[in-house]
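Rule-based calculations on the coordinates, nothing more; no lab input. Just so it is clear, the structure is predicted and the values come from calculations on it, not from any experiment. Positions of Cβ are generated from backbone atoms using ideal geometry, with glycine treated the same way; all protein chains shown enter the neighbour counts.
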Amino acid sequence: MPTLYKLAVTKVSGAAVCFFIAICALPAAAPCIAAEAEWAQISKNESLSIFTRVRPGVPVKEIRAIGTIDAPNWVVRNVVDGIEDYPSFMPYTTKTRILERREHQVISYFRLDPPFIGARDVTIAVSSKEEKRQDGAVIYQLHWEPVNAIGPAPARDITRIKLDEGSWVLEPAENGKKTLATYTILTDGGGGLPPFVINFANRQGVENLFAAVRKQAALPKYSQNRDEQARAP
């Protein structure tokens, strides 16, 4: 969601929130699936593994990060759902606004102000669902894509993000005490930079994103009410 698109302007570009367009417009699904590249691991440490892959027709790489967060997955879900709080902890996110709530979906507007490259904005639809495992534990899944046509009109001094698709999968770990989080993002942040710079920025961005979510999940406000996620998709 914007979550996460972090146009990581540290060093080269910036860190912002991530959204993306699924570009599989072929009439049959099978050819598209066959064309997808395998994930390649590019980084791994004790807390986070990062993978990338090429998406046909897209100049930037799709990125996936998998890591453990020291909080139950319903607490992490509350953090991710807390769109109103993003300006306080998501890098370069300066404005968020929920435009519409639907069943299992929230439409939200995000503005990002990373240094050097100028303001960016996007309207996204975040859809959510829950999956119950055989042991009764619940897995939370969220997916977002841009819906700029139903958001604010483009502003002359703000670059509109059009390529923006991503997801969170939040699985319970260690008997529900922790979360195994999988974050996937495909975005060019509105363009205007060479693909290799955007790829670097997105890699730095997911690292910053996990750090921000881990820090936020430790705050008591997100663990006070297990049903708090009802405020989001």
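Once amide H atoms are built 1.01 Å from N in the peptide plane, which residues 5 or more positions from Thr159, or in another chain, come under 5 Å H to H? Excluding prolines and chain starts, which carry no amide H, the hits are Ala119, Arg120, Asp121. Converting phi to 3J(HN,Hα) with the Karplus coefficients 6.51, -1.76 and 1.60 and the offset θ = phi - 60°, region 207-216 yields 5, 5, 4, 4, 4, 5, 5, 4, 5, 5 Hz in sequence order, with x at every glycine or proline. Placing +1 on each Lys and Arg Cβ and -1 on each Asp and Glu Cβ, with no other charges, gives region 9-231 a dipole about its Cα centre of roughly 300 debye.
Given Cα pairs under 8 Å that are at least 6 residues apart, what percent is the relative contact order of region 9-231?
Rounded, it is 27 percent for region 9-231.
Within the straight-line cut-off of under 19 Å between alpha carbons, the aspartates and glutamates reachable from Lys177 are Glu46, Asp70, Glu130, Glu131, Asp135, Asp227, Glu228, sequence neighbours fewer than 8 places apart in one chain being disregarded. As a proxy for reagent exposure, Asp81, Asp135 were ordered by neighbouring Cβ count within 10 angstrom, fewest first; the result is Asp135, Asp81. Counting only residues 5 or more places away or on other chains, whose amide H sits under 5 Å from the amide H of Gly190 once H atoms are built in the peptide plane? Close amide H contacts, sequence-distant or interchain: Lys162, Leu163. Straight-line cross-link reach from Lys132 at under 15 Å between alpha-carbon atoms covers these aspartates and glutamates, not counting any fewer than eight positions away in the same chain: Glu171. Going through the cross-link list Lys95/Lys129; Lys95/Lys215; Lys61/Lys95, which pairs have a Cα-Cα distance over 23 Å in this structure? Pairs exceeding 23 Å: Lys95/Lys129; Lys61/Lys95.
If both residues of a DSSP beta bridge must be in region 9-231, then about 95% of such bridges are antiparallel. Put in order of Cβ neighbour count within 10 Å, fewest first, the listed residues Arg101, Arg64 become Arg101, Arg64. Between Lys129 and Phe89, the contour length at 0.36 nm per residue exceeds the alpha carbon distance by 11.9 nm. The ranking of Ile161, Ile150 by Cβ neighbour count inside 10 Å, starting from the fewest, reads Ile150, Ile161.
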